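Q: Structure below; questions to follow.
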Amino acid sequence: MESPWDFNETKVSPNKLYALTFQLISEIAMGGPLLGNYVLEIDDKKYTLPGSYGGPVIWNNFSSKVAIPKWTDNRLQKITIIDIKKKKLLTSKRTFKVLELKKFEGNIIKGIDSPIYKAIEFEFNLVEENFEEKHI
């Protein structure tokens, strides 16, 4: 089982065409979840994503989108969605404590906020949430 403290450094899409690789890894604080940068590989090109991220990441079944926990400056997290086809980063305006993303089906992401302390299961609906958009 992957967690914000222990997850695969490279996550390949279900269709095996894309990959995210976690780099420059450290802990957000001593004993805390991991923090680092991601490099996205699409069509033989590499894109370093702006900002600091955690894990684990989850791809949707069609390999068209991937969700990643993004660290904020005040050590909270937001959900960033990478839309592969549009080459866009969509970062949620809603914040979480520590994300453990579990499942990405359709427009719904399921996971746990704060998996170690006062864990709360959540559903995140991409259609109902507000996002900041950036191009890769």
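The values are calculated or read from the model by the stated rules, or taken from the named source; none is laboratory data. None of these values were measured; they are calculated from a predicted model. Heads up, the Cβs are rebuilt from the backbone with ideal geometry, glycines too, and the neighbour counts pull from every protein chain shown. In case anyone asks, the SASA skips ligands and DNA or RNA and just uses the protein heavy atoms, side chains included. Shrake-Rupley method; radii C 1.70, N 1.55, O 1.52, S 1.80 Å.
Q: Scanning for something open to solvent by 60 Å² or more (accessible area, probe 1.4 Å) and under 15 Å from the mean Cα position of the chain (by Cα), does the stretch 29-39 turn up at least one residue? Step through it out loud before you land on a result.
A: Step one: filter the stretch 29-39 for residues open to solvent by 60 Å² or more (accessible area, probe 1.4 Å), giving 30.
Now restrict to residues that are under 15 Å from the mean Cα position of the chain (by Cα): none.
No, that holds for no residue.
Q: Also, quick follow-up: Scanning the stretch 102-114 for residues that are over 17 Å from Lys70 (Cβ atoms) and part of a loop (DSSP other than H, G, I, E, B), which turns out least open to solvent (accessible area, probe 1.4 Å)?
A: Only one residue tops the list, namely Gly106.
Q: Examine the stretch 1-12 for a residue that is surrounded by 15 or more Cβ atoms within 10 Å (Cβ to Cβ), polar (S, T, N, Q) and touching a Ser or Thr at 6+ places or on another chain (Cβ under 6 Å), and state whether such a residue exists.
A: no
Q: Moving to a separate point now. From Leu126, Leu99, grab the single residue that is modelled with pLDDT of 95 or more, buried (at least 18 other Cβ atoms within 10 Å of the Cβ) and within 15 Å of Trp5 (Cα to Cα).
A: One residue alone meets the criteria, Leu99.
Q: Continuing with the same structure: For Ile81, only one of the following conditions fails: (1) of a type in the set (A, V, I, L, M, F, W, C); (2) part of a strand (DSSP E or B); (3) at pLDDT below 95. What is its number?
A: Here Ile81 clears every test but (3).
Q: Right, here's the next one. From the list Pro69, Pro56, which one is over 14 Å from Leu126 (Cα atoms) and part of a strand (DSSP E or B)?
A: None of the other options fit; the residue is Pro69.
Q: Inspect all residues belonging to the stretch 51-69 and state whether any of them is without any contact (Cβ under 8 Å) to a residue 12 or more places away in the chain and over 14 Å from the mean Cα position of the chain (by Cα).
A: No: zero hits.
Q: Being of a type in the set (Gly, Ala, Ser), modelled with pLDDT under 95 and at positive phi is the filter here; which residues of the stretch 31-61 pass it?
A: The one that is of a type in the set (Gly, Ala, Ser), modelled with pLDDT under 95 and at positive phi: Gly31.
Q: Which ones in the stretch 17-46 are charged (D, E, K, R) and in contact (Cβ under 8 Å) with a residue 40 or more places away in the chain?
A: Of everything in the stretch 17-46, nothing turns out to be charged (D, E, K, R) and in contact (Cβ under 8 Å) with a residue 40 or more places away in the chain.
Q: Here is a further query. Name the pairs whose Cβ atoms lie under 8 Å apart, with the first residue in the stretch 103-131 and more than 19 Å from Leu76 (Cβ to Cβ), the second open to solvent by 50 Å² or more (accessible area, probe 1.4 Å) and of a type in the set (Asp, Glu), and 6 or more positions between them or separate chains?
A: Going by the 8 Å Cβ cut-off, the qualifying pairs are Ile108/Glu123; Lys110/Glu121; Lys110/Glu123.
Q: Related question: Among the listed residues Asn8, Asn15, Asn61, Asn74, identify the single one that is closer than 22 Å to Glu123 by Cα and assigned to a loop (DSSP other than H, G, I, E, B).
A: Asn61
Q: Any residue at all in the stretch 62-70 that's of a type in the set (D, E, K, R) and either buried (at least 16 other Cβ atoms within 10 Å of the Cβ) or modelled with pLDDT under 95 (or both)?
A: Taking every residue of the stretch 62-70 in turn, at least one turns out to be of a type in the set (D, E, K, R) and either buried (at least 16 other Cβ atoms within 10 Å of the Cβ) or modelled with pLDDT under 95 (or both).
Q: Quick check on the stretch 84-96: of everything there that is under 16 Å from His135 (Cβ atoms) and surrounded by 16 or more Cβ atoms within 10 Å (Cβ to Cβ), which residue is farthest from the chain's Cα centre (by Cα)?
A: Among those that are under 16 Å from His135 (Cβ atoms) and surrounded by 16 or more Cβ atoms within 10 Å (Cβ to Cβ), it is Ile84.
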